[in-house]
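In what follows, a structure is listed as structure tokens, so that the remarks can point back to it.
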Amino acid sequence: MTTPALPGAIGVTHLKVYEWPTSDGLAGGSPHVHFACSEAYYVIGGQGAVQTLSAAGFAETPLTPGRLVWFTPGVIHRLINYDRLEILVLMQNAGLPEAGDFVLTFPLPILHDAEAYWRATSLANAERVYASDAEAARRRRDLAIEGFLALRAAVAEQGPAALEAFYRAALPLLQPRLATWRVRWEQGPLAVTQATGTQLAALSAGRIDHLLQGRLQSLPAPQGERQLGMCGRLAVYQPEGLLQG
């Protein structure tokens with residue numbers, strides 16, 4: 001039996017942002033970017049900010065309880081933790097941002113060397129963002145901060161051309177995974193959208209069979225030790241849009 005996808009086949013994670021200080025004196029997570037997914041932050045508690053870098057330039061947006069912010073593919077983002085920042089992260093494509101669609105803002109020489117890049121990400125699972133241990137998570141975060149600050153300066157000086165160079169350097173790192181992403185999209189968001197089309201056609205024809213199949217679904221609070229993600233400690237709500245049971 002297949003558990004239905006979350007609405008829109010999204011992924012949901014409870015995030016406690018790292019409190020570790022960085023080289024520029026700010027505590028927080030690893031700057032990174034998604035190439036095929038939008039992502040949203042709903043602030044549960046604490047205080048912080050999200051720094052973003054895009055073709056529109058650099059920006060910093062305050063994060064306070066109850067606030068909802070989101071960004072589309074290509075927006076580099078860095079979470080800042082001022083005081084116990086906690087967030088619900090809502091992710092497109094059945095949680096793909098935590099299952100492959102990410103590139104950390106390491107300095108360009110590392111991005112140009114795939115072996116060096118994947119070694120620096122210190123992944124405990126090649127298909128996830130989780131770091132192998134706290135020391136590795138902190139080390140990769142600091143390296144991403146180094147690249148982010150350099151890229152921010154380059155964008156201020158060169159404009160979108162600096163971002164384009166970063167994207168082009170990063171793309172080959174992800175291209176070997178695109179076929180797997182397509183399967184995830186087809187089985188998740190595409191299937192959900194097609195199901196809506198089928199239901200609309202049925203309603204237009206006066207059929208209500210699918211309504212009799214309606215059921216409430218629930219997921220318990222995530223259990224066990226939190227995973228070390230790019231921006232903080234993660235409690236993942238399975239099924240992230242898909243769950244075979």
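The values are calculated or read from the model by the stated rules, or taken from the named source; none is laboratory data. Nothing here was measured: the structure is a model prediction, and the numbers come from that model. Cβ atoms come from the backbone with ideal geometry, glycine included; neighbour counts cover every protein chain shown. Side chains are part of the model used for accessible areas, which takes the heavy atoms of the whole protein and leaves out ligands, DNA and RNA. Shrake-Rupley method; radii C 1.70, N 1.55, O 1.52, S 1.80 Å.
Descriptive notes on the structure:
- Ligands, DNA and RNA excluded, the heavy atoms of Thr193 present near 90 Å² of accessible surface to a 1.4 Å solvent probe.
- From helices alone, the chain scores -9500 deg cm²/dmol at 222 nm; the rule is -39500 (n - 2.57) for each run of n ≥ 4 DSSP H residues, then divide by the residue total.
- Computed from the Cβ-Cβ distance with R0 of 35 Å, the FRET efficiency linking Asp24 to Ala195 stands at 0.15.
- Table column - 3J(HN,Hα) (Hz), segment 86-97, Karplus curve with 6.51, -1.76, 1.60, x for Gly and Pro: 10, 9, 8, 9, 10, 10, 5, 6, 6, x, 4, x
- Largest to smallest accessible area among His14, His32 [probe 1.4 Å]: His14, His32
- In degrees, nearest ten, helix 191-204 long axis to first principal axis of the chain (Cα): 30 degrees
- Dipole check for segment 1-128: with +1 at the C-beta of Lys and Arg, -1 at the C-beta of Asp and Glu, and the Cα centre as origin, the magnitude is about 180 Debye.
- Dipole axis of the chain (+1 Lys, Arg; -1 Asp, Glu on Cβ), positive-most option in Asn93, Thr22, Phe106: Asn93
- ³J(HN,Hα), Karplus 6.51/-1.76/1.60, whole Hz, each residue of segment 35-45, x for Gly, Pro: 9, 9, 9, 8, 9, 10, 10, 10, 7, 7, x
- Protein heavy-atom accessible surface, 1.4 Å probe, per residue over segment 91-187: 48 Å².
- The distance between label points at Glu135 and Glu157 comes to 3.5 nm (points 7 Å beyond Cα on the Cα→Cβ vector).
- Accessible-area ranking of Glu157, Glu98, Glu146, Glu186, largest first, probe 1.4 Å: Glu157, Glu146, Glu186, Glu98
- Phi-based couplings in Hz for segment 213-226 (Karplus 6.51, -1.76, 1.60; Gly and Pro marked x): 8, x, 9, 7, 10, 8, 10, x, 4, x, 10, x, 5, 6
- Only one residue of Phe166, Ala202, Leu219 has its Cα farthest out toward the positive end of the dipole of segment 133-245, where Lys and Arg carry +1 and Asp and Glu -1 on Cβ, and that residue is Ala202.
- Our note on the geometry: Cα centres of segment 158-213 and segment 38-68, 24 Å apart.
- Here the dipole of the chain is about 380 debye; that uses its Cα centre as origin and unit charges on the Cβ of Lys and Arg (positive) and Asp and Glu (negative).
- 15 Å beta-carbon shell around Phe106, net charge (K/R +1, D/E -1): +4
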